[in-house]
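Student: Before I ask anything, here is the structure I am working with.
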Amino acid sequence: MNKNDLIAKVAGEANMSKSDAGNAVEATLNSITDALKGGDEVRLVGFGTFSVTHRAASEGRNPRTGEKIQIPPSKNPKFKAGKPLKDAVNN
């Protein structure tokens, strides 16, 4: 399912226009993104939790040359599914 499929599904489920559903989906995704940028965690009870993990700087190797390279620290978004979502997928 891609974003357009999701918008169509939301429009059908919520009995709203695709335009309104698109705005709602965009607003939801932007709100989650803004919260993660601000260092907050987003918990959707019954669905899951979005958070940010921090990776420390490390040393790696260029696979072509074998040369050592420094990998800078980074922040990565993470999603942990909640129990109801896990149960729904596994049944």
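The values are calculated or read from the model by the stated rules, or taken from the named source; none is laboratory data. What you are looking at is a predicted structure, and each value in this text was computed from that prediction instead of being measured. Virtual Cβ from ideal backbone geometry, glycine too; neighbours counted across all protein chains shown.
Student: Out of (1) exposed (fewer than 11 other Cβ atoms within 10 Å of the Cβ); (2) free of Cβ contacts under 8 Å to residues at least 24 places away in the same chain, the odd one out for Gly46 is which?
Tutor: Evaluating Gly46 over (1) exposed (fewer than 11 other Cβ atoms within 10 Å of the Cβ); (2) free of Cβ contacts under 8 Å to residues at least 24 places away in the same chain leaves (2) as the failure.
Student: Here's a follow-up. Do we find a residue being in contact with a strand residue (DSSP E or B) (Cβ under 7 Å, 6 or more places away or on another chain), among the charged types (D, E, K, R) and at pLDDT 95 or above anywhere in the range 21-39?
Tutor: no
Student: Between residues in the range 67-90 that are within 20 Å of Thr33 (Cβ to Cβ) and residues that are part of a strand (DSSP E or B) and polar (S, T, N, Q), which pairs lie under 6 Å by C-beta distance while being six or more apart or on different chains?
Tutor: The qualifying pairs are Asn76/Thr53; Lys78/Ser51; Lys78/Thr53; Lys80/Thr49.
Student: If you scan the range 1-37, which residues turn out to be closer than 17 Å to Phe79 by Cβ and either of a type in the set (Lys, Arg) or exposed (fewer than 11 other Cβ atoms within 10 Å of the Cβ) (or both)?
Tutor: Met1, Lys3, Asn30, Lys37
Student: Further, regarding this structure: Tally the residues that are assigned to a loop (DSSP other than H, G, I, E, B) and closer than 26 Å to Ser51 by Cβ, restricting the search to the range 1-35.
Tutor: Within the range 1-35, the subset assigned to a loop (DSSP other than H, G, I, E, B) is 1-2, 15-17.
Applying the additional criterion that residues be closer than 26 Å to Ser51 by Cβ yields 1-2.
Adding up the residues that qualify gives 2.
Student: Still on this structure: Can you tell me which residue in the range 36-67 is farthest from the chain's Cα centre (by Cα), limited to those that are over 28 Å from Asn90 (Cβ atoms) and assigned to a strand (DSSP E or B)?
Tutor: Once the filter is applied, the top-ranked residue is Arg61.
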